[in-house]
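Note sheet for the following structure.
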Amino acid sequence: MLSSTRILDPSSSSDVTLAVDLLRAGEVVALPTETVYGLGADARNDRAVEKIFIAKGRPNNHPLIVHISSFEKITEWAKDVSPLAKKLADAFWPGPLTMLFHKADGVSDAVTGGLPTIGLRVPRNELFLEVLRQLDSGIAAPSANLHKKISPTCAEHVLSGLSGKIAAVFDAHACPVGLESTIVDLTSKIPRILRPGQITRQMLEKVLKTKVDDFEPHDVSVAGNMVDHYQPTTKLLVLSAEQFMPFLTEANKNKRRLGVLWFGAADLQQNELIVSRVMPTSRELYAQQLYAALHEIDAVGAELILVQQPPKEWSEIIDRLQKASYKQ
Ligand code: TXA
Ligand code: MG
């Protein structure tokens with residue numbers, strides 16, 4: 001265990017160099033991406049990669065995404081790269097899309113959790129890309145949260161779970177996308193989404209001009225699809241618009257202390273037992289703010305977090321809320 005975690009300034013070139021030096025020395029550093037914060041280690045250094053699993057408390061057979069600085073680096077990590085990959089990279093990289101390939105010979109099992117496939121993405125964050133270029137390697141990085149906890153979208157969230165367990169974290173702006181990348185498997189005949197994200201099936205199909213299979217919400221064979229991923233400490237319940245108000249009224253009567261995320265016109269301030277937050281009606285803004293809202297409301301010590309169900313077309317958001325919900 002490290003005694004302290006260094007807080008790095010993203011605008012300081014000496015802090016960027018320090019982060020690169022730490023990564024080269026086999027340490028783990030939390031870096032912002034456009035989606036969520038990642039907990040990075042040099043993907044060619046097994047002992048460094050192992051530190052990611054230890055810091056997060058994540059089982060060793062959960063594969064990590066390797067972040068690279070450009071499409072040209074892909075063959076260092078993957079083989080039999082589908083021609084579809086170039087089309088997707090041209091359209092969406094740098095950006096919130098992870099593609100799965102067969103891993104190249106020589107890529108360590110430590111990164112892929114023993115799988116023959118590897119997830120690759122070019123993140124859309126200048127700081128991350130600069131660190132990648134200086135390091136001249138790939139950076140293996142899962143979300144920088146404790147295993148099964150909510151992903152972090154700012155340095156404060158990272159520190160709340162990992163302070164003292166990692167060498168350093170950049171104190172950068174909040175992550176603009178706010179949800180993890182879309183994962184698309186390009187090793188099967190028909191590309192298949194394994195995790196929904198900001199880049200939707202329709203967007204992928206438009207670029208590829210071919211069918212893309214959708215994710216199966218409860219396919220536990222993919223680690224990222226574990227049904228109980230991303231859980232806040234407080235029990236979370238998603239209720240439809242019809243169920244929402246009656247539930248609230250009843251809970252009010254029983255003086256239950258609730259945390260509420262809803263689409264109302266204002267905070268529910270009339271009742272001191274309720275801590276509420278009005279969520280945006282724009283899909284992008286909702287995604288951007290969801291994890292911060294959950295982190296915040298999880299910390300107030302409510303008995304239950306009540307979430308008003310967003311529109312069913314918001315598949316990536318519904319997916320994360322389902323994973324965050326309390327299961328009997
Ligand atoms: O936006 C993101 O993807 C963020 C940022 C940091 O890049 N990363 C992220 O990593 O969300 P993580 O490890 O928290 O989630 C990645 C998911 C994992 O659940 C993992 O099981 C799955 O991707 N994954 C990675 N490589 C895979 C592979 N070869 N086969 C199947 N699933 C894979
Ligand atoms: Mg994660």
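General remarks:
- Among 39, 7, 53 - extreme Cα towards positive end, dipole of segment 1-122, charges at beta-carbon: 53
- Proximal lysines to residue 189, defined as alpha-carbon separation beneath 20 angstrom and excluding residues fewer than eight positions away on the same chain: 79, 86, 87, 103, 206, 209, 211
- Fluctuation leader among 103, 56, 189 - the chain, Gaussian network, Cα springs under 10 angstrom: 189
- Of the residues 154, 175, ranked by 1.4 Å probe accessible area with the largest first, the sequence reads 154, 175.
- Per-residue SASA entry for residue 283, accessible area with 1.4 Å probe, Å² rounded to 10: 70
- In sequence order, segment 136-153 has phi-based couplings of 6, 8, x, 10, 6, 8, x, 4, 8, 10, 5, 3, 6, 9, 5, 5, x, 10 Hz under the Karplus curve 6.51 cos²θ - 1.76 cosθ + 1.60, θ = phi - 60°, and Gly or Pro positions carry x.
- Averaging the Cα positions of each part gives two centres, and for segment 83-117 and segment 187-218 these lie 15 Å apart.
- Within the chain, DSSP assigns beta bridges of which about 40% are antiparallel (rounded to the nearest 5).
- Fraction of beta bridges assigned by DSSP in segment 236-324 that are antiparallel (%, nearest 5): 0
- The angle between the Cα long axis of helix 241-253 and the main principal axis of the chain comes to about 60°, on a 0 to 90 degree scale.
- Pair residue 303, residue 203: separation of 7 Å Cα→Cβ label points (nm): 4.1
- Once backbone amide H atoms are built at 1.01 Å from N, residue 168 has 6, 30 as its partners under 5 Å, excluding neighbours fewer than 5 places away on the same chain.
- Cut-off 14 Å between beta-carbons: net charge of the residues surrounding residue 152, Lys and Arg +1, Asp and Glu -1: -1
- Positive-end residue, the chain charge dipole about Cα centroid, Cβ charges, pick of 190, 152, 25: 190
- Highest mobility in the GNM of the chain, judged by mean-square fluctuation with C-alpha springs under 10 Å and restricted to 181, 70, 137, is found for 70.
- Segment residue 87-residue 278, length gained on full extension (0.36 nm per residue, minus Cα span): 64.9 nm
- Remark on residue 238: its backbone amide H falls under 5 Å from those of 307, a criterion applied only to residues 5 or more positions apart or on other chains, H modelled at 1.01 Å from N.
- Proximal lysines to residue 327, defined as alpha-carbon separation beneath 21 angstrom and excluding residues fewer than eight positions away on the same chain: 148, 149, 235, 312
- Placing unit charges on each Cβ (+1 for Lys and Arg, -1 for Asp and Glu) gives the chain a dipole about its Cα centre, and among 305, 107, 168 the Cα reaching farthest toward its positive end belongs to 305.
- Heavy atoms of residue 147: accessible area, 1.4 Å probe, square angstrom to 10: 40
- In Å², nearest 10: area of residue 108 left accessible to a 1.4 Å probe: 30
- In straight-distance terms, cross-link reach from residue 255 covers every one of the aspartates and glutamates whose alpha-carbon lies under 16 Å from its own, apart from those fewer than eight places away in the same chain; here that gives 272, 303.
- Build a GNM of the chain with springs between Cα atoms under 10 Å apart, and of 99, 203, 245 the one that fluctuates most is 245.
The values are calculated or read from the model by the stated rules, or taken from the named source; none is laboratory data. Computed from a predicted model, the values in this text were never measured in an experiment. Using ideal geometry, Cβ is built from the backbone for each residue, glycine included, and neighbour counts are taken over all protein chains shown. Just the protein is used for accessible areas: all its heavy atoms, side chains included, with ligands, DNA and RNA removed. Shrake-Rupley method; radii C 1.70, N 1.55, O 1.52, S 1.80 Å.
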